[in-house]
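Asks: My questions all concern the structure below.
We did not get these values from a lab; they are worked out from the coordinates using the rules stated. Keep in mind it's a predicted model, so treat the numbers as computed, not measured. Virtual Cβ from ideal backbone geometry, glycine too; neighbours counted across all protein chains shown.
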Amino acid sequence: MSTYVLRRLAMMIPTLWAIATLTFFMVRLAPGGPFMAEKDIPPAVKEQLMRRYGLDRPLGEQYVTFLKNAARFDFGPSYRFPARSVREIILEGLPVSAELGGWALLFALLVGVPLGVLAASRHNSATDHAAMTLALAGVSIPNFVLGPLLVLVFSLTLFLVPPALWQTPSSRILPVLTLATSYVAYIARLTRGGMLEVLGQDFVRTARAKGLPESSVIGKHALRLGVLPVVSYLGPAAAGIIMGSIAVESIFGIPGTGRFLVNAAFNRDYTLVMGVVLFYAVLLMVFNLVVDVVYSWLDPRVELS
Amino acid sequence: MSAALQPLRVTEAADFVATVPTGLWRDAWKRLRRNRAAIAAAMFLGVLSLAALLAPWLPGLADPALQDLKLSATPPSAAHWFGTDELGRDLLSRVLWGGRVSLLVGFIGTLVSLVIGVSYGAISGYAGGRTDDVMMRVVDVLYSLPYIFLVILLLVFFSKSLVMLFVALGLVQWLTMARIVRGQVLSLKSQTFVEAARALGLSGSAIVFRHIVPNTLGPVIVYATLTVPAVILQEAFLSFLGLGVQPPAASWGTLVSDGAKVLALFPWLVIFPAAALSLTLLAFNFLGDGLRDALDPRQRRDG
């Protein structure tokens, strides 16, 4: 197990290197520089700026320096906010983004899995059809559409919760709901499919034949295997939630990391863009690794190799 | 003698390939017809696509760019069914014209992913061995890249043109298609009709593209139907962030984005484009589900 984890961690390095290289050259080869907005700055000042960010050196040298610093998660100061380092900006937004994403994922699991189990245990009943139609509708509503609609109904018409920002506990309800809905729906569909497959297997029949109550047949025996498709979906789900958080954070004005990415890209804030991209890449890979370990723990038939 | 036999064998092989799928298709059609939700979805999509396609020639439909400040942001009425926006443009017309862009992006993005994914998966699966290993390893690595960020970078730093959008979206979507096709090809290539084709001396590419690929059509159609809404969604997401379709052109994504900014004042500006987008995605998903049940009854994994 530990050798597996170590090997996976080692395999991340070439992938990260590829992402870092790709990002670096994409950003450097793009037309237009970071100081385009201030066209009127005197050449002397511009030269000084270029020197401060190391942009006057040859590209190869810049690349090597960039890689060395990136390995220490040091991307230097932001272009746009020169007084602050990229690391500072990312770490400042991180707790907020993590909270938003964490709640959304938790909510998706806590609602999606029971919904899927319910649908599977009443296969082909009206409950099943209703739950699955609802789930398909949930999958089909993009979060950036759902967000404004929820604000319209619950904040601007019913005045139940704040329409934006991230302050009181009640201000967290709409963003989390917005981000989580499509994952609730998808997880419900996956759980139902997984459960239906498991419920037809011999060991479930044995459990029933022993006279176990249906609740423990499902809860104790079937669920552990039936939920496997959901576990393997958690990697893509985390990626999707991170991506969705970019939109949700800008809809609700939440000061998280996701919002920085788009702003930084628009501002041509090279250092910040590269920092955020690499940071998310590491996050996703670590998460995928955790998911694989959990998977093998749930299903001993899967060997980590 | 062998020269006389060969053409006969070829037609036999062709007959075999041609007749088996027909039965499959007829069977699938029968199953699909019984699925009322899928049929309703298909009809909805047909009508919507037709309306979007014919938008420039629909009688009575206002010019989507025509501004009339006297009609600034009027709620839905008999003259303007969906109301008007702040510049007095007819929203129904804007939604239909936006649908042209969104659907076009969806179909072309899917086509790009289809061409790349099917060729890549088929070649990888048929070649097998070391080539297959390497090709699938590349797919694995690409899977683990946080793609959307690269797409955002591509669009921001290079150009926000429609062509770039097609390329970026197609590039994101082909990976799963490649995996599906590869899996199909792996199981098909050991079957006797492939052996027969090989015995006839057909070239590798002819075997793959003329004989194997047509037999993977079922899963490919199902997945393509599910790719269209995924691409539409991605485009809408990018447009929502201001990176997709650029004004004065509009897609459903930009309309939702613009509408969301004046949500409190003119709610209809977000409601109608949002409904158009969501209903379209829902219909595609219903149709895709129905097609999967019809074409591949054993593969009902995720419900």
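Asks: Using the Cα atoms of the stretch B:170-215 to build a convex hull, what is its mean projected area in square nanometres?
Replies: With the hull built on Cα positions only, its mean projection is 3.4 nm².
Asks: Taking only Cα atoms, what is the 0 to 90° angle, nearest 10, from helix A:2-29's long axis to the longest principal axis of chain A?
Replies: Between the helix axis and the principal axis of chain A, the angle is about 40 degrees.
Asks: Based on the Cβ-Cβ distance from residue B:190 to residue A:68, what FRET efficiency comes out when R0 is 35 Å, to the nearest 0.05?
Replies: Efficiency computed from Cβ-Cβ geometry: 0.10.
Asks: Separation between the residue A:158 and residue B:77 pseudo-spin-labels, each 7 Å from Cα along Cα→Cβ, expressed in nm?
Replies: Simple spin-label model gives 3.2 nm for this pair.
Asks: If you don't mind, there's one more thing I want to ask. For the pair residue B:164 and residue B:51, how long in nm is the line joining their label points, each one 7 Å along Cα→Cβ?
Replies: 3.3 nm
Asks: Where the eigenvalues come from the Cα gyration tensor of the stretch B:194-265, what are the semi-axes √(5λ) of the equivalent ellipsoid, largest first, in whole Å?
Replies: Details: eigenvalues 444, 28, 8 Å².
Here the semi-axes work out to 47, 12, 7 Å.
Asks: Give me the Kirkwood hydrodynamic radius of the stretch A:243-305 in Å, from all C-alpha pairs, to one decimal place?
Replies: Result for the stretch A:243-305 stands at 13.7 Å.
Asks: Further, regarding this structure: Extension gain residue B:65-residue B:36, at 0.36 nm per residue separation less the Cα-Cα distance, in nm?
Replies: 6.6 nm
Asks: Express the C-alpha Rg of the stretch B:109-214 as a ratio against the empirical globular expectation 2.2 N^0.38 Å, rounded to two decimals.
Replies: Dividing the Cα Rg of the stretch B:109-214 by 2.2 N^0.38 Å gives 1.26.
Asks: Measure of size requested: the Rg and Dmax of the stretch A:178-305, with Cα atoms as the atom set and Å as the unit; please supply both.
Replies: 19.8, 66
Asks: Note down the Stokes-Einstein diffusion coefficient of the stretch A:82-138 in µm²/s, whole number, using a Kirkwood radius over alpha carbon pairs, 10 °C, and 1.306 mPa s.
Replies: Using the Kirkwood radius from Cα pairs, D works out to 113 µm²/s.
Asks: Given axes a ≥ b ≥ c from the Cα gyration tensor, I'd like to know whether the stretch A:228-275 is rounded (a/c under 1.5), prolate (a/b larger than b/c) or oblate.
Replies: The shape class here is oblate.
Asks: Given the DSSP H assignment, sum -39500 (n - 2.57) over each helix run of at least 4 residues in chain A and divide by its residue total; what's the result at 222 nm in deg cm²/dmol, nearest 500?
Replies: Values: 12 runs with 213 residues, N = 305.
Value at 222 nm, helices only: -23500 deg cm²/dmol.
Asks: Then there is this: Would you mind checking the radius of gyration and Dmax of the stretch B:220-303 based on alpha-carbon positions, in Å?
Replies: Rg then Dmax for the stretch B:220-303, in Å: 15.7, 50.
Asks: Could you give me the percent of Cα pairs per 5 Å distance bin for the stretch B:162-303, shortest bin first, beginning at zero and ending with the bin that holds the maximum distance?
Replies: Each 5 Å bin holds this share of Cα pairs: 2, 9, 14, 15, 14, 12, 11, 8, 6, 4, 3, 2, 1, 0, 0.
Asks: Going toward the positive end of the dipole of the stretch B:149-303, with +1 on Lys and Arg Cβ and -1 on Asp and Glu Cβ, which of B:188, B:252, B:219 do you reach last?
Replies: B:188
Asks: What is the ratio of the Cα radius of gyration of the stretch A:40-125 to 2.2 N^0.38 Å, with N the residue count, to two decimals?
Replies: Computed over Cα atoms of the stretch A:40-125, the ratio equals 1.99.
Asks: Next up: Using the crude model of +1 on Lys and Arg Cβ and -1 on Asp and Glu Cβ, and no other charge, please compute the dipole size for the stretch B:183-294 relative to its Cα centre, in debye to 20.
Replies: Values: 5 positive and 5 negative charges, 58 e Å.
About 280 debye.
Asks: Would you kindly calculate the translational diffusion coefficient of the stretch B:186-236, applying Stokes-Einstein with the Kirkwood radius from alpha carbon pairs, for 25 °C and a viscosity of 0.890 mPa s, and quote it in µm² s⁻¹ without decimals?
Replies: In µm²/s, the coefficient is 193.
Asks: Sort all Cα-Cα distances of chain A into consecutive 10 angstrom bins from zero, then give the percent of pairs in each bin up to the one containing the longest distance.
Replies: 6, 21, 25, 23, 15, 7, 3, 1, 0
Asks: If you don't mind, there's one more thing I want to ask. How many Å³ per residue does the convex hull of the Cα positions in the protein assembly as shown occupy?
Replies: On the way: hull volume 130.4 nm³, N = 608.
Considering the Cα atoms of the protein assembly as shown, their hull volume per residue is 214 Å³.
Asks: Also, I was wondering about something else. If you take each beta carbon of peptide A:256-265 and count the beta carbons of other chains within 10 angstrom, what is the mean?
Replies: Mean partner-chain Cβ count within 10 Å for A:256-265: 2.
Asks: Please compute the alpha carbon radius of gyration of the stretch A:124-240, then divide it by the globular-protein estimate 2.2 N^0.38 Å. Two decimals is fine.
Replies: 1.37
Asks: At a Förster distance of 30 Å, what's the computed FRET efficiency of residue A:18 paired with residue A:81, Cβ-Cβ distance as r, to 0.05?
Replies: After rounding, the FRET efficiency stands at 0.55.
Asks: Would you mind calculating the gained length between residue A:25 and residue A:106 on full extension (0.36 nm times residue separation, minus the Cα-Cα distance), in nm to one decimal?
Replies: Full-extension gain reported as 25.4 nm.
Asks: Compute the convex hull volume of the Cα atoms of the stretch A:1-146, divide it by the residue count, and report the result per residue in Å³ as a whole number.
Replies: Hull volume normalised by residue count: 208 Å³.
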